[in-house]
Amino acid sequence: MFYDIMLSKIINFVKTRREILTRLAIIKFSFRKFLSKFFSGVKKNQEDIILVIGVILISLLSFSVGYITAKHQEKIPLKIQHQIICPKV
């Protein structure tokens with residue numbers, strides 16, 4: 001009785017392990033296929049990708065330079081001395 005239970009547990013373990021390994025192999029193959037398609041797409045559109053990355057980097061650089069410049073400027077606060085009342089039309 002005990003040996004039968006242990007044997008059935010071992011058989012179930014081997015079956016599930018085999019199923020897991022099969023699924024992992026399928027996932028590994030699918031991932032390799034995805035990477036292959038991804039890198040071929042990158043190679044195909046390499047010039048456009050570089051152009052977009054360049055535009056983004058230049059935009060970020062110009063924003064940061066403008067932000068730093070504006071942060072260090074001394075600003076004179078505005079003071080309202082006289083209130084101008086507009087006539088009603």
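Might you let me know whether region 43-50 holds any residue that is β-branched (V, I, T) and surrounded by 10 or more Cβ atoms within 10 Å (Cβ to Cβ)?
Going through region 43-50, the residues β-branched (V, I, T) turn out to be 49-50.
With the extra rule that they be surrounded by 10 or more Cβ atoms within 10 Å (Cβ to Cβ), the set shrinks to 49-50.
For region 43-50, residues β-branched (V, I, T) and surrounded by 10 or more Cβ atoms within 10 Å (Cβ to Cβ): present.
From the list I10, I26, which one is among the hydrophobic types (A, V, I, L, M, F, W, C) and modelled with pLDDT of 75 or more? If you could, list the steps in order and put the result at the bottom.
Working: I10 fails: modelled with pLDDT of 75 or more.
None of the others qualify; the one that does is I26.
The values are calculated or read from the model by the stated rules, or taken from the named source; none is laboratory data. The structure presented is a predicted model; accordingly, all values stated were derived computationally and were not measured. Cβ: placed from backbone, ideal geometry, glycine included. Neighbour counts: every protein chain shown.
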